[in-house]
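Novice: This structure is in structure tokens; I'll ask about it shortly.
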Amino acid sequence: MTTTLQRPQRAAPSPAGRRLPRRGRPLVVDLLAAAAGLGLGVTIGLGVSAQSLQSVSAVPGALTAAGRMAGLLAGYAMIVTVALSARIGPLERAVGQDRLIRWHRRIAPYGLYLLLAHVVLIVLGYAALAQTGVLAQLWALVLTYQGMLGAAVGTLLLLVAGITSYRRARRRLRYETWWTVHLYTYLALLFAFQHQVQTGASFVGHPLATAWWTALWIALLAAVVGWRILLPVARSLRHGVRVAGVVREAPGVVSIVLEGRRLDRLPVAGGQFFQWRFLTGGAWWQAHPFSLSHVPHEHRMRITVKDLGDRSAQLADLPIGTPVLIEGPYGRFTADAAGGHRVLLVGAGVGATPLRSLLQDLDEDADVAVLLRGRDRGSLVLADEIAGEVQRRGGRLWEALGPRERLAVTAGTLRRAMPDIADRDVFVCGPDDFTAAIAAACRDAGVPAARIHFESFAF
């Protein structure tokens, strides 16, 4: 059984009473960046204050002191790294999840390098002081020192998470495997915290320093639990989202119609996405990032999904009434990101779905142009709906059909089709290589980089 989502008849792009998210403010980013810098300074101060000139005057003491500092900095890097991926609402709205994840990936390796430096320097320092072999000293530390066995396990878990996060490794892993490995990093962080406060020279006998460090980790835990667990559960229970129907749009592409209570009160804008967890056997434990293809209207909303091989094919057979846990909304791919009233929307394949919902939230006087890219018309997802909305707005629509190697979208073709492209905001959604190519073509056509908007869902 399938159902369809009726298109609302409206004079304004957003149904009456819809609650749109507040626009992110750069002040949030500045405040959090200042707090992160202050925390880094305090962390360095803790490491320096735990040493004395006498303790670092000899080689063993200097190596040990450097190792302790590396351990403190590694711990602080872990706090910042996890905070960037905690999906903290104000930060995510101001920056965008894809950019936060890029920052997360850039900082995370330094945390691992510092962790390895901590292990190597501590072992070398202790071995030099005891005048014993390095391997023998490492073995003795792990087996005889308080909390060291847990710290060793935590270190190995963090290294595995780091290795599987490199691009080449990620390409070879299923999303489910990568996600499971990263769950264990929370256990690793617990071991790291216990090791530091129980044995760290900056904390043993220093209750104020211990309290400050503990408060940092508790704040991190509260952010992760609050934004990743409590808020999604509360929002899902409040709105009672369930599967109302599944509509086959094209080969391998389905729309999932969702119903619930007062969905128009969700603070979501067209173009944003949720993490969707369908509570059915075999799928309940995995969340999928899907954009809305129709903004909430009264008691219904919709997503459109392509079978990408990561269990998304199972979504075509979702039973009617399946409960859904929602986390979000996320993303800066929204109408308020535009700096003017002229926009160009570019989508390839299923990448057209967020453009459909974005069209609903653009101002009624917006000058809209849409470019849909596909191998053939059957691969243009929701093309008829998009064409109808563009026609209603008096906009322009192009369908670029054919193999990409024979029909490339270049700066020249963009300028010929739209002489005013340099004055437009461009929203692009599609595969990463397609998005990068369109963004480059737009820059070559004179569009400022700040007016080219796209987001990546790649893990």
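The values are calculated or read from the model by the stated rules, or taken from the named source; none is laboratory data. Computed from a predicted structure; not experimentally measured. Glycine gets a Cβ as well: all are built from the backbone with ideal geometry, and neighbour counts include every protein chain shown. Ligands, DNA and RNA are excluded from the accessible area calculation, which covers all protein heavy atoms including side chains. Shrake-Rupley method; radii C 1.70, N 1.55, O 1.52, S 1.80 Å.
Novice: Being modelled with pLDDT of 85 or more and in contact with a Ser or Thr (Cβ under 9 Å, 6 or more places away or on another chain), is that true of even one residue in region 309-319? Even if it seems obvious, please write down each step before you answer.
Specialist: Just the residues of region 309-319 that are modelled with pLDDT of 85 or more, to begin with: 318-319.
If we keep only those that are in contact with a Ser or Thr (Cβ under 9 Å, 6 or more places away or on another chain) too, we end up with 318-319.
Scanning region 309-319 turns up at least one residue that is modelled with pLDDT of 85 or more and in contact with a Ser or Thr (Cβ under 9 Å, 6 or more places away or on another chain).
Novice: Among the residues of region 43-77, what is the count of those that are farther than 15 Å from residue 114 by Cβ and either aromatic (Phe, Trp, Tyr) or not in a helix (DSSP H, G or I) (or both)?
Specialist: Looking only at that region, the number is 9.
Novice: Evaluate the following for residue 427: is it within 29 Å of the chain's Cα centre (by Cα), at pLDDT 90 or above and under 26 Å from residue 268 (Cβ atoms)?
Specialist: Details: within 29 Å of the chain's Cα centre (by Cα): yes; at pLDDT 90 or above: yes; under 26 Å from residue 268 (Cβ atoms): yes.
Yes, satisfied.
Novice: Continuing with this model, one more query. Tell me, please, whether a residue that is assigned to a helix (DSSP H, G or I) and open to solvent by 60 Å² or more (accessible area, probe 1.4 Å) can be found in region 396-412. Spell out how you get there, then give the answer.
Specialist: So the first thing to find is which residues in region 396-412 are assigned to a helix (DSSP H, G or I), and the list is 411-412.
Cutting the leftovers down to open to solvent by 60 Å² or more (accessible area, probe 1.4 Å) gives us none.
No, that holds for no residue.
Novice: Assess whether residue 77 counts as being under 29 Å from residue 31 (Cα atoms) and either at pLDDT 85 or above or open to solvent by less than 70 Å² (accessible area, probe 1.4 Å) (or both). Give the derivation first.
Specialist: On the way: under 29 Å from residue 31 (Cα atoms): yes; either at pLDDT 85 or above or open to solvent by less than 70 Å² (accessible area, probe 1.4 Å) (or both): yes.
Yes.
Novice: Scan region 375-395 for residues that are over 31 Å from the mean Cα position of the chain (by Cα), open to solvent by 70 Å² or more (accessible area, probe 1.4 Å) and within 22 Å of residue 435 (Cβ to Cβ) and report the count.
Specialist: Qualifying residue count for the region: 2.
Novice: Also, quick follow-up: Which condition number in (1) open to solvent by less than 40 Å² (accessible area, probe 1.4 Å); (2) in a helix (DSSP H, G or I); (3) more than 22 Å from residue 201 (Cβ to Cβ); (4) touching a helix residue (DSSP H, G or I) at 6+ places or on another chain (Cβ under 9 Å) is the one that residue 86 fails?
Specialist: Result: residue 86 fails condition (2) only.
Novice: So residue 201 ticks every box in (1) in a helix (DSSP H, G or I); (2) touching a residue at least 12 places away in the same chain (Cβ under 8 Å); (3) more than 30 Å from residue 302 (Cα to Cα) but one. Which box is left unticked?
Specialist: So residue 201 meets the others, but not (1).
Novice: Within region 413-459, which residues are buried (at least 19 other Cβ atoms within 10 Å of the Cβ) and of a type in the set (Lys, Arg)?
Specialist: Listed by number, the residues that qualify are 424, 451.
Novice: Restricting attention to region 379-388, does a residue exist that is under 23 Å from residue 258 (Cα atoms), touching a residue at least 12 places away in the same chain (Cβ under 8 Å) and assigned to a strand (DSSP E or B)?
Specialist: Within region 379-388, none of the residues are under 23 Å from residue 258 (Cα atoms), touching a residue at least 12 places away in the same chain (Cβ under 8 Å) and assigned to a strand (DSSP E or B).
Novice: Then there's this: Could you check region 325-337 and list, in sequence order, the residues that are touching a Ser or Thr at 6+ places or on another chain (Cβ under 7 Å) and either open to solvent by less than 30 Å² (accessible area, probe 1.4 Å) or not hydrophobic (A, V, I, L, M, F, W, C) (or both)?
Specialist: Within region 325-337, just 326 meets the criteria.
Novice: Could I ask something else about it? How about region 347-361: which of its residues are open to solvent by less than 10 Å² (accessible area, probe 1.4 Å) and among the aliphatic types (A, V, I, L, M)?
Specialist: 352, 355, 358, 359
Novice: Quick one: how many residues across region 154-171 are open to solvent by 60 Å² or more (accessible area, probe 1.4 Å) and either among the acidic types (Asp, Glu) or touching a Phe, Trp or Tyr at 6+ places or on another chain (Cβ under 9 Å) (or both)?
Specialist: The number of residues fulfilling the criteria is 1.
Novice: Please specify each residue of region 250-268 satisfying the condition of being under 20 Å from residue 89 (Cβ atoms) and either of a type in the set (Ser, Thr, Tyr) or open to solvent by 10 Å² or more (accessible area, probe 1.4 Å) (or both). Walk me through it before giving the result.
Specialist: Step one: list which residues in region 250-268 are under 20 Å from residue 89 (Cβ atoms), which gives 262-268.
If the condition is that a residue be under 20 Å from residue 89 (Cβ atoms) and either of a type in the set (Ser, Thr, Tyr) or open to solvent by 10 Å² or more (accessible area, probe 1.4 Å) (or both), then 262, 264, 265, 267 are the ones that fit.
Novice: Please verify whether residue 238 is of a type in the set (Lys, Arg), on the phi > 0 side of the Ramachandran plot and more than 20 Å from the chain's Cα centre (by Cα), treating the condition exactly as stated.
Specialist: When the stated conditions are applied, residue 238 does not pass them.
Novice: Looking at region 29-57, I want the residues that are closer than 21 Å to residue 208 by Cβ and touching a residue at least 12 places away in the same chain (Cβ under 8 Å) and have a partner that is of a type in the set (A, V, I, L, M) and outside any helix (DSSP H, G or I) with Cβ atoms under 6 Å, at least 6 apart or on another chain. Which pairs are those?
Specialist: Close Cβ pairs satisfying both conditions: 50/201.
Novice: Here's something else I'd like to know. Is it true that residue 340 is outside any helix (DSSP H, G or I) and either open to solvent by less than 10 Å² (accessible area, probe 1.4 Å) or more than 30 Å from residue 177 (Cα to Cα) (or both)?
Specialist: Answer is yes for this residue.
Novice: Mind telling me which of the residues 224, 247 ends up being open to solvent by less than 30 Å² (accessible area, probe 1.4 Å), hydrophobic (A, V, I, L, M, F, W, C) and at pLDDT 90 or above?
Specialist: Every option except 224 fails the conditions.
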